[in-house]
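Contents: one structure, followed by commentary.
The values are calculated or read from the model by the stated rules, or taken from the named source; none is laboratory data. These figures come from a predicted structure and were not determined experimentally. Neighbour counts are summed over all protein chains in view; Cβ atoms, including those assigned to glycine, are modelled from backbone coordinates with ideal geometry. For accessibility, only protein heavy atoms count, side chains too; no ligands or nucleic acids. Shrake-Rupley method; radii C 1.70, N 1.55, O 1.52, S 1.80 Å.
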Amino acid sequence: MSYKVLLPQPILPEGYAYLRDHGFEVVDGQGFTEEAILADIPDCDAMIVRTAKITGKILDAAPKLKIIARHGAGYDGVDLEGAQRNKVLVTTAGGANAISVAELAIFYMLYCSRRFKAVMAQCKEDYRYAKMGIQKTELEGKTLGLIGTGNIGKLVAKKAAYGFDMKVLAYDPFAREVPEYIQLVEDRDRIFKESDYVSLHVPATKETTHSVSDREFDLMKETAFLINTARGAIVDEPALIRALEAKKIAGAGLDTVEQEPFDLNNPLLNMENVLVAPHIGGATKEASTRSSIVCAQAIDDYFSGRTPKFIVPELRDLV
């Protein structure tokens, strides 16, 4: 008897092929809403989750479910208490999207440094003002401050240090060892006080949710930019809006905001010094292919009696 793997949303062809080649039955779900997953999940042994929210109600309705593989680095969309209660292991795709997200973080820094949104808004009406009247800066010699030094944070640091000759500071109380181009600091405030770009690379947890708020923005330079390619919930959005409106910081590059899909009334969408994108950091073909394969491998590892890689820390006791 083959194990059934539910896909509420399609994965890349390489992931399908891996599952089928290893004897799994792939169930293409009806959709990624709670209602659709509830209809599909009762007879499934595993699930690969992309953007769907996996609630306690779904987990309680899945008597055969043994493992959920998250098609990305974050896992805040899975009810971990429900997973623990039902003894469902949850894994992530580890560093599969690290290259793509790190590249995008650098893109946001470049976009902000050249004030590109303001330039493009002005260039048709006042070419010379857009060219010479809007102040633009280089990345070289600037200070990048990282909150978090996981796979993505380290890659951002490498690209910033070696590609743009930036000084890299980082705060990460869990870091044991970092490359020589990263200077770990013990005082988190230094990241906000000294950096020209503050880039966030932590998961959304009880400890990190809204952990960047008024206090942090008050510490930042007026010329500094906030870069968030992690999770929207890390930033206290009303506090960010206040800081931008009061010109306490120069701007922001946001791959993610707290409400996704967007609330079209969110002021951040229309600010000239803010770039907002629909959480595209890991949405490249290469990253999505790697994530699909890693998720399929995690499921195969579990049902083959091997310990999957990238188990979420809160559920390691289930192994």
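Within the straight-line cut-off of under 19 Å between alpha carbons, the lysines reachable from residue 124 are 136, sequence neighbours fewer than 8 places apart in one chain being disregarded.
Highest-first packing order for the peptide set 40-50, 263-273 is 40-50, 263-273, based on the mean count of other beta carbon atoms within 10 Å.
Treating each Cα of the chain as an identical point scatterer and ignoring solvent, apply the Debye formula and state log10 I(q)/I(0) at q = 0.06, 0.09, 0.14 Å⁻¹. Summing over Cα pairs of the chain leads to -0.23, -0.50, -1.07. Bridgeable aspartates and glutamates around residue 117 (alpha carbons under 17 Å apart, same-chain partners fewer than 8 residues away excluded): 125, 126, 138, 245, 255, 272. Kirkwood Rh over Cα pairs of region 88-234 into Stokes-Einstein at 4 °C, 1.567 mPa s: D in µm²/s? Value of D from the Cα-based Kirkwood radius: 80 µm²/s.
Tell me, what is the percent relative contact order of region 1-115, built from C-alpha pairs under 8 Å that lie six or more residues apart?
Details: 184 pairs, mean separation 23.5, N = 115.
Relative contact order here is 20 percent.
At the listed q of 0.17 Å⁻¹, the Debye profile of region 115-168, built from one uniform point per Cα, gives log10 I(q)/I(0) equal to -0.65.
Geometric descriptor of region 55-163, per residue, is 143 Å³ (volume of the convex hull of the Cα atoms). Of the complete DSSP H runs in the chain, those spanning 20 angstrom or more by Cα along the long axis with a mean Kyte-Doolittle score not below 0.5 are 98-113. Counting only lysines at least 8 places from residue 4 when in the same chain, those with an alpha carbon closer than 16 Å to its own are 64, 66.
Determine how many Å³ per residue the convex hull of the Cα atoms of region 177-319 encloses. Write out the running numbers ahead of the final one.
Working: hull volume 23.1 nm³, N = 143.
Given the Cα convex hull of region 177-319, per-residue volume reads 161 Å³.
For region 4-10, the Karplus equation 6.51 cos²θ - 1.76 cosθ + 1.60, evaluated at θ = phi - 60°, returns couplings of 9, 10, 7, 10, x, 10, x Hz by residue, with Gly and Pro reported as x.
Solvent-accessible area of region 105-182 (1.4 angstrom probe, protein heavy atoms only): carbon and sulfur portion equals 50 percent. Ligands, DNA and RNA excluded, the heavy atoms of residue 92 present near 20 Å² of accessible surface to a 1.4 Å solvent probe.
Positive end of the dipole of the chain (Cβ unit charges, origin at the Cα centre): among 203, 252, 51, the Cα lying farthest that way belongs to 252. Taking every C-alpha pair closer than 8 Å and separated by at least 6 residues, the mean separation divided by the residue count of region 106-196 gives a relative contact order of 25 percent. Classify region 148-192 from the C-alpha gyration tensor, please: rounded if a/c falls under 1.5, else prolate or oblate depending on whether a/b exceeds b/c. In terms of gyration-tensor shape, oblate.
3J(HN,Hα) couplings calculated from phi for region 255-264 with the Karplus curve 6.51 cos²θ - 1.76 cosθ + 1.60 (θ = phi - 60°) are, in sequence order, 7, 8, 10, 5, 9, 10, x, 4, 7, 5 Hz; Gly and Pro show x.
Tell me the volume per residue, in Å³, of the convex hull enclosing the alpha carbons of region 274-319. Let's see the in-between values first.
On the way: hull volume 4.4 nm³, N = 46.
Output value, Cα hull per residue: 97 Å³.
Dipole size in debye (nearest 20) for region 260-317 around its Cα centre, Lys and Arg Cβ +1, Asp and Glu Cβ -1?
Numbers: 5 positive and 8 negative charges, 63 e Å.
Charge dipole, region 260-317, about its Cα centre: 300 debye, nearest 20.
Shown here is the pair-distance distribution of region 1-131: with all Cα-Cα distances grouped in 10 Å bins from zero up to the longest one, the shares run 12, 34, 22, 12, 12, 7, 1, 0 percent. Solvent-accessible area assigned to carbon and sulfur over region 191-319 amounts to 52 percent, based on a 1.4 Å probe.
Given a Förster distance of 22 angstrom, what is the FRET efficiency for residue 218 paired with residue 259, based on the Cβ-Cβ distance and rounded to 0.05? That pair, residue 218 with residue 259, gives E of 0.35. Peptides 224-236, 107-119, 297-309 ranked from most to least packed, by the mean per-residue count of other Cβ atoms within 10 Å: 224-236, 107-119, 297-309.
With contributions of -39500 (n - 2.57) from each DSSP H run of at least four residues, the per-residue ellipticity at 222 nm computed over the chain stands at -9500 deg cm²/dmol. Among beta bridges identified by DSSP and lying wholly in the chain, the antiparallel ones come to about 5 percent.
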